[in-house]
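One structure is given here, and the rest of the page talks about it.
The values are calculated or read from the model by the stated rules, or taken from the named source; none is laboratory data. Not measured: the values here are computed from a predicted model. A quick note on method: Cβ atoms are made from the backbone with ideal geometry, for glycine too, and the neighbour counts reach across all protein chains shown. The area values use the complete protein model at the heavy-atom level, side chains included, leaving out ligands, DNA and RNA. Shrake-Rupley method; radii C 1.70, N 1.55, O 1.52, S 1.80 Å.
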Amino acid sequence: MKRVLVVYYSQSGDVTRAAESFTQHLNIPEIELTWECIKPRDNYPSPWNLYKFFDVFPECVNEEPPEISPPKFNQDEKFDLVILAYQVWFLAPSLPIQGFLKSESVKVLKDTKVITLVVCRNMWHSASEMMKRMIAEVGGIHIDNVVLTHQGLPLATFITTPRLLLTGKKNKFLGVLPAAGVRDEDIYALSRFGKRLANNIEALSDYSHQPMLKGLGAVEVNQRYVIPELIGRVLYRPWAKIARFFGKQGSWSRIPIICIFAVQLLFAIPIVLLFSTLIQFLFASLINRKIASYVDNLKLPSGVI
Ligand SMILES: Cc1cc2nc3c(=O)[nH]c(=O)nc-3n(C[C@H](O)[C@H](O)[C@H](O)COP(=O)(O)O)c2cc1C
């Protein structure tokens with residue numbers, strides 16, 4: 001009997017559905033599947049109000065997560081595999097998931113194989129690298145990473161994702177923009193990963209640290225997002241530090257700085273995109289190799305094909 005733990009957090013249900021589809025073929029007598037939904041002590045509304053949405057930004061970037069309620073599993077329990085399903089908030093793993101990674105319960109990852117499943121609009125690079133680091137810090141063995149992004153072109157999701165987050169509306173918008181969130185077909189297709197695991201049950205507890213999901217298209221790296229994300233990450237840090245200086249999440253004293261951050265972000269996004277295109281165009285010969293090696297890293301551990 002192999003023991004698999006699924007740790008997840010979800011607001012719209014997309015991450016939950018992704019994890020359920022992923023594990024569909026693991027519901028077999030040879031596997032004991034344990035589900036753990038992370039419950040943060042702080043309340044994150046869904047849909048969000050605009051201020052609360054931006055007010056979580058500093059803690060996401062500064063890695064100051066909330067406490068979480070004690071999970072049902074015992075932190076000293078041994079699992080053969082942990083599947084960690086999470087979403088991206090401000091280029092970082094969401095606060096509830098960071099809360100789990102900083103809690104005592106994270107001991108469950110030590111010397112245990114971990115597969116990450118990340119769901120987001122389209123900017124997952126920094127969060128994924130942070131997640132790899134956090135798993136390594138607690139002694140987990142990160143064997144695979146699967147990425148699922150929202151449907152539609154970036155310009156469309158720039159409208160449909162905030163609309164979903166702030167109103168809860170998922171339907172097609174204005175008759176032309178696609179529905180928000182993850183495409184149902186993409187969610188169903190995740191079952192191929194669980195099928196691979198179910199067909200290789202013995203490998204779950206072998207001593208190799210080899211990926212198990214190679215060749216299944218676990219991640220697709222869009223090179224165009226590399227520079228905008230890196231710039232975004234660099235710009236986010238000072239803002240997060242300054243906002244934190246003015247107070248904690250929810251405090252009145254930081255309302256002005258959070259509002260200023262939100263307004264400048266609206267202008268910063270198109271400027272950063274334009275700037276990144278220019279950098280890529282002007283300095284292609286200088287930076288292409290560096291970008292290619294970063295992209296190779298992002299593809300790890302599962303690889304694109
Ligand atoms: C506060 C907040 C910040 C977000 N930041 C990002 C981001 O930086 N990059 C991204 O691709 N998606 C971002 N998203 C979108 C979520 O990752 C996406 O909507 C995900 O599907 C949510 O899954 P869930 O509804 O199951 O929790 C953000 C969402 C929230 C609520």
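Structure summary
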item	result
Residue in region 87-101 that is in a strand (DSSP E or B), open to solvent by less than 20 Å² (accessible area, probe 1.4 Å), within 30 Å of TRP239 (Cα to Cα) and hydrophobic (A, V, I, L, M, F, W, C) present	yes
Subset of region 1-50 (residues that are open to solvent by less than 20 Å² (accessible area, probe 1.4 Å), of a type in the set (Val, Ile, Thr) and within 12 Å of the ligand (Cβ to nearest atom))	VAL15, ILE38
Failed criterion for SER12 (all others in (1) of a type in the set (Ser, Thr, Tyr); (2) part of a helix (DSSP H, G or I); (3) at pLDDT below 95 hold)	(2)
Odd one out for GLU185, checked against (1) out of contact with any Cys (no Cβ under 6 Å at 6 or more places or on another chain); (2) surrounded by 20 or more Cβ atoms within 10 Å (Cβ to Cβ)	(2)
Pairs with Cβ under 7 Å, 6+ apart, first in region 87-109 and among the β-branched types (Val, Ile, Thr), second more than 16 Å from the ligand (Cβ to nearest atom)	VAL106/VAL138; VAL108/LEU5; VAL108/PHE73; VAL108/GLN75; VAL108/GLU77; VAL108/PHE79; VAL108/VAL82
Region 51-72: number of residues that are more than 10 Å from the ligand (Cβ to nearest atom), of a type in the set (D, E, K, R) and open to solvent by less than 30 Å² (accessible area, probe 1.4 Å)	1
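For every residue, the table says whether it meets (1) aromatic (Phe, Trp, Tyr); (2) within 14 Å of the ligand (Cβ to nearest atom); (3) buried (at least 16 other Cβ atoms within 10 Å of the Cβ).
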position: VAL114; (1), (2), (3): no, no, yes
position: VAL119; (1), (2), (3): no, yes, yes
position: MET123; (1), (2), (3): no, yes, yes
position: ALA127; (1), (2), (3): no, yes, yes
position: ARG133; (1), (2), (3): no, no, no
position: HIS142; (1), (2), (3): no, no, yes
position: LEU148; (1), (2), (3): no, yes, yes
position: LEU164; (1), (2), (3): no, yes, yes
